[in-house]
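To start, the structure under review is shown below, and the notes come after it.
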Amino acid sequence: MARKQRISPEITAEDVKILIRWLRATHDWSQAKLAAAAGIDRGSIGRYEAGAIPPRRTLEALVSAVGLPVFLLDACLLPVVSLVRRAAGLGPAEAFAELGAAATELDRRLSALARPRLAALLLQLTVADFAARRPAAPSAADWHRLPDLWERFESCSAEDRRFLLEHAPEFRDWTLVVRLCAESESVAAHSAKEARELAELARHLAGLVPGGEDWRSLLRGYAEAFVANALRVGGDLKAAEAGFVRAWTLWQAGTSPEPDLLPAWRLLDLEASLRTAQRSWTLALGLLDQAREVAPPEAAGRILLKRSATLVLMGQAEQAIEVLREAATRVDGERDPRLLAVLRFNLAADLSLLHRFRDAELLLPEVWQLAAGLGNRLDLGRCL
């Protein structure tokens, strides 16, 4: 069987990474769109941008996919990428000398090609490479990066995700840590195992992000709380309690470059769930009160919903219903349809506990409609 032809050995994985990013940028394509246009597996682009070396025919397919002739790969694209990458590691005077000599060589090779297009390519690659080498301090403006990062990351297998975090610096992004934590909490009701895997991945990523050790400590503390939450869902309350001790230790040792980049109320909110599971009612309610004091107004409905659930377990269904009625004024059903579905379901269940069966029955059509809209077995099963 013939061996796959690979690009020439003097071209590095870093050259390939920069080239593929530029190919995507020419059409403002995601990894998935470039892969589809080139007729290759979607996950391959992520691996190549993380440092894997593609077969020669794959690299040619990627160049063709963006509408460039294949002969430019060796005549122009790879030489320019390599030269720019080398120059980026030099001082200004050395860099210009390097690029000046390169221009002479490229002029010899590319006498028949359009100079403006080559100049534009060189400029884009230089700007992109220097920007990638100088990560800015974490800020709220970073959230704009998350949609593209998550689209590329979500499609990868668990193995590929680990590979990307270890080898692709652009995925070492604090906003991705927060999204992984949110995903962990979202799947916890269905799979404690998957919730823990996602939270542990977030914790691992938190130790890799740029921004200084104080920032990483804060971020690791945040992720550790979601690991502890997954342990709680899995029934290991002792390990969950130890996890929250670690989370608070890391959190209190850390600092943020901007106020409120990470929501401190989430640690309080998640620990309250653990204390409820431990039947430490007073401690749970106290944590929820603290969470509500520091949480933004849009989080009030969620916190009140947890408070109501704790009161039910304490045998105070009447008070729980009053809290749910207050929560109903704070929950945005369009923004968080599951929160609204849980609220209406809990209200019907609490009314039944008080033998107010007719009132509960009147809520059932709405509860069914909300659960059907969510389309997951857990909520439909609870309705049954």
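The values are calculated or read from the model by the stated rules, or taken from the named source; none is laboratory data. Only a predicted model underlies this, so the values are computations on that prediction, with no experimental measurement involved. Please note: Cβ atoms are built from the backbone with ideal geometry, for glycine as well, and neighbour counts cover all protein chains shown. Ligands, DNA and RNA are stripped out before the accessible areas are found, and what is left, the full protein with its side chains, is counted by its heavy atoms. Shrake-Rupley method; radii C 1.70, N 1.55, O 1.52, S 1.80 Å.
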Single unsatisfied condition, residue 150 versus (1) within 16 Å of residue 46 (Cβ to Cβ); (2) buried (at least 19 other Cβ atoms within 10 Å of the Cβ): (2)
Close pairs (6 angstrom Cβ cut-off, 6 or more residues apart or separate chains): over 19 Å from residue 190 (Cβ atoms) in the range 332-344, open to solvent by 60 Å² or more (accessible area, probe 1.4 Å) anywhere: 344/366
Residues located in the range 345-357, provided they are touching a residue at least 24 places away in the same chain (Cβ under 8 Å) and open to solvent by less than 20 Å² (accessible area, probe 1.4 Å): 347, 350, 351
Pairs, first of a type in the set (Val, Ile, Thr) in the range 367-383, second open to solvent by less than 40 Å² (accessible area, probe 1.4 Å), C-beta under 7 Å, six or more apart: 367/348; 367/383
From 299, 228, 317, 264, residue being modelled with pLDDT of 95 or more and not polar (S, T, N, Q): 228
Residue in the range 303-317 that is open to solvent by 50 Å² or more (accessible area, probe 1.4 Å) and of a type in the set (Ser, Thr, Tyr) present: no
Close pairs from the range 181-194: first of a type in the set (Val, Ile, Thr), partner at pLDDT 90 or above, Cβ under 7 Å, at least 6 apart: 187/194; 187/195; 187/198
Qualifying residue in the range 286-295 (condition: open to solvent by 50 Å² or more (accessible area, probe 1.4 Å) and within 25 Å of the chain's Cα centre (by Cα)): yes
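One line per residue, one yes/no per condition, for (1) of a type in the set (Gly, Ala, Ser); (2) out of contact with any Gly (no Cβ under 9 Å at 6 or more places or on another chain); (3) open to solvent by 40 Å² or more (accessible area, probe 1.4 Å):
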{"residue": "204", "(1), (2), (3)": "no, yes, yes"}
{"residue": "210", "(1), (2), (3)": "no, yes, yes"}
{"residue": "214", "(1), (2), (3)": "no, no, yes"}
{"residue": "240", "(1), (2), (3)": "yes, no, no"}
{"residue": "247", "(1), (2), (3)": "yes, no, no"}
{"residue": "250", "(1), (2), (3)": "no, no, no"}
From 272, 320, residue being surrounded by 23 or more Cβ atoms within 10 Å (Cβ to Cβ), of a type in the set (A, V, I, L, M, F, W, C) and closer than 28 Å to residue 372 by Cβ: 320
Residue list for the range 25-53, filter: open to solvent by 20 Å² or more (accessible area, probe 1.4 Å) and either assigned to a loop (DSSP other than H, G, I, E, B) or modelled with pLDDT under 85 (or both): 25, 26, 27, 28, 29, 39, 40, 41, 42, 51, 52, 53
Residue tally, condition open to solvent by less than 50 Å² (accessible area, probe 1.4 Å), of a type outside the set (Gly, Ala, Ser) and either over 22 Å from residue 142 (Cα atoms) or not in a helix (DSSP H, G or I) (or both), over the range 154-173: 3
Residue within the range 252-262 that is surrounded by 16 or more Cβ atoms within 10 Å (Cβ to Cβ), part of a helix (DSSP H, G or I) and at negative phi present: no
